[in-house]
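The values are calculated or read from the model by the stated rules, or taken from the named source; none is laboratory data. Everything numeric in this text was worked out from a predicted model, so none of it was measured. As a convention, Cβ positions derive from the backbone with ideal geometry for all residues, glycine included, and neighbour counts pool all protein chains shown.
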Amino acid sequence: MAKAKSKIVVIGAGFVGASTASAIAMDHIASELVLIDVNKEKAYGEALDLNHGLSMMGQMSIHDGGYEEVKGADIIVLTAGANRKPGETRLDLARKNVGIVRTIIPEIMKHYDGAIILVVSNPVDVITYLVQKETGIPARKVISSGTLLDSSRLRYELSNLCNVDIGNVNAQFIGEHGDSAVPLWSTASIAGEILDDYLALNNIELNKEEMYLKVQQAGATVIKNKGATYYGIALCVTRICEAIMKNQNTILPVGSLMDGTFGISDVVFSIPSIVNAHGVEKVLEIKMTDEEMALLKLSAEKLKETLAEVM
């Protein structure tokens, strides 16, 4: 159950922002939901559309507003930015969206009073780093949606391959949300059984390289076919918001500023972390193979190269 009085502000009422607002409303995890967008008519229209379905969801306050609505928020969800175009990688978006978000940060800070900032705008690792560094807000309170979507895509593919309920599949990506994301095959499991053992016991063949590429390219595939990705990420963001609002201590692969974890510092990327009302309570130094560790450090270096170019 959400707090008696709770507030989530979504900045950006485009495909991702509107879908996220809809998912948050349907899950009823806040008593107040506010949409902010440079296109005020769009924010108003999205809020009004959601209100027209309010009788099916239960009473809550849903409305549009300006940055003054940041005051009193529990969570600020940042989705604003240019959309990723067909053939464009997340990192190609960096220069465009860094410029956009730099205009938003001062507006947030005029009214900021302690909310957790959940960054969704791509490239999410770069934008989260930018927000944390330019606001000075404690790193645990500036987090990203990270590789939760990548992990969800991997779980989907494995559930199809093994013909089992996706809830019985445990698998995740870590590192960058993007081209250098690292699949943790060594810790993947089906109903508690190590993935490789489960596959052998059930005579199931898995080409890990092919599945990795399919998941890595999943966003581009959706964009090619429908123009943008938004349902999957909206559900992932809502799950993170739920963990925060309900103080669940849920372990999720979200992004936060690294400060020596695995010997990596001064870069934002995703490691399984305990998420609760404080934001990221703890980043977990999970076990992985030497190969996975090498790929993780390579992912960090690639992100640092991008940061050096755009910051």
Item to check | Given (1) within 19 Å of the chain's Cα centre (by Cα); (2) modelled with pLDDT of 95 or more, number of the condition residue 229 does not satisfy | outcome: (2)
Item to check | Those residues of segment 274-297 which are under 21 Å from residue 188 (Cα atoms) and touching a residue at least 60 places away in the same chain (Cβ under 8 Å), in sequence order | outcome: 275, 286, 287, 288, 289, 292, 295, 296
Item to check | Contacts under 8 angstrom Cβ, first residue in segment 150-171 being part of a helix (DSSP H, G or I), partner of a type in the set (Ser, Thr, Tyr), 6 or more apart | outcome: 162/198; 166/156; 166/159; 168/159
Checklist entry - All but one of (1) at pLDDT 95 or above; (2) in contact with a Ser or Thr (Cβ under 9 Å, 6 or more places away or on another chain) hold for residue 207; which doesn't? => result (2)
Checklist entry - Within the set of pairs 6 or more residues apart or between chains, which connect a residue that is within 17 Å of residue 181 (Cβ to Cβ) inside segment 71-93 to a residue that is part of a loop (DSSP other than H, G, I, E, B) and at pLDDT below 70 with Cβ atoms less than 6 Å apart? => result 93/84
Item to check | Answer from 7, 71 - the residue that is charged (D, E, K, R), in contact with a strand residue (DSSP E or B) (Cβ under 7 Å, 6 or more places away or on another chain) and at pLDDT 95 or above | outcome: 7
Next on the checklist: Take the conditions of a type outside the set (A, V, I, L, M, F, W, C), under 21 Å from residue 112 (Cα atoms) and in contact (Cβ under 8 Å) with a residue 24 or more places away in the chain and apply them to residue 58. Does it pass?
Outcome noted: no
Checklist outcome for this item: Residue count, segment 59-68, condition farther than 19 Å from residue 40 by Cβ and either of a type in the set (A, V, I, L, M) or at pLDDT below 90 (or both), comes to 1
Item to check | Qualifying residues in segment 190-215 (those that are outside any loop (DSSP other than H, G, I, E, B) and in contact (Cβ under 8 Å) with a residue 40 or more places away in the chain) - the one farthest from the chain's Cα centre (by Cα) | outcome: 211
Checklist entry - Does any residue of segment 89-103 turn out to be modelled with pLDDT of 95 or more, within 15 Å of the chain's Cα centre (by Cα), in the same structural domain as residue 69 (by TED's automatic domain parsing) and in a loop (DSSP other than H, G, I, E, B)? => result no
